[in-house]
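Heads up, the thing below is written out as structure tokens.
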């Protein structure tokens, strides 16, 4: 896939305020400070499309970006939405903020009719975290299609990253029959970009069939 353009559309407080569901949509979510904005910017090759903040939990709304792409250089243009979702697991949020987040994300993930795939970002530097496991289990319960993206792979030795990825998947194996697809990425080193975009391209082609 080749990205032709990417532009911010709107930030919405709930799924019913989101843009008209007339394009395939791909949502990105993860724990606060997982490197979500950096990954999004790397995918679209723009430094500041998704705002990067030093303050965890900064994203509070459903942020829509319209992406124009093509499968190859001279292929027909395709348009789809990339959605930057608020991160979870930020301990300093108030109880009311957490409840509002849960309602917003619950409504979006379960009711957004054009949502094709959720990309769940996992920090590759760490061993399996309880809230990550709980979140992907919830997606499975809701039957929301998703893949895993292990981020910040350049911040640890390859052996550590490999061990942490295996540990996470092994944890899922305890209760899952089939494992989700997983990608390893680094926004700084441009690792995983082609694989993730190829996956989105394949999903777009499946939608058209």
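Rounded to the nearest 500, the 222 nm mean residue ellipticity of the chain from helices alone is -11000 deg cm²/dmol, with -39,500 (n - 2.57) taken per DSSP H run of at least 4 residues. A compact globular protein would have a Cα radius of gyration near 2.2 N^0.38 Å; the ratio found for region 75-193 is 1.15.
Could you rank the peptides 182-191, 29-38, 4-13 by their average count of other C-beta atoms within 10 Å per residue, with the highest value first?
On the way: 182-191: 17.9, 29-38: 21.8, 4-13: 14.0.
In descending order of packing, they fall as 29-38, 182-191, 4-13.
Each of the peptides 114-120, 169-175, 101-107 was scored by the mean count of other Cβ atoms within 10 Å over its residues; in descending order, highest first, they stand as 114-120, 101-107, 169-175.
Taken together, the values in this text are just the output of simple stated rules run on the coordinates, not laboratory data. What you are looking at is a predicted structure, and each value in this text was computed from that prediction instead of being measured. Using ideal geometry, Cβ is built from the backbone for each residue, glycine included, and neighbour counts are taken over all protein chains shown.
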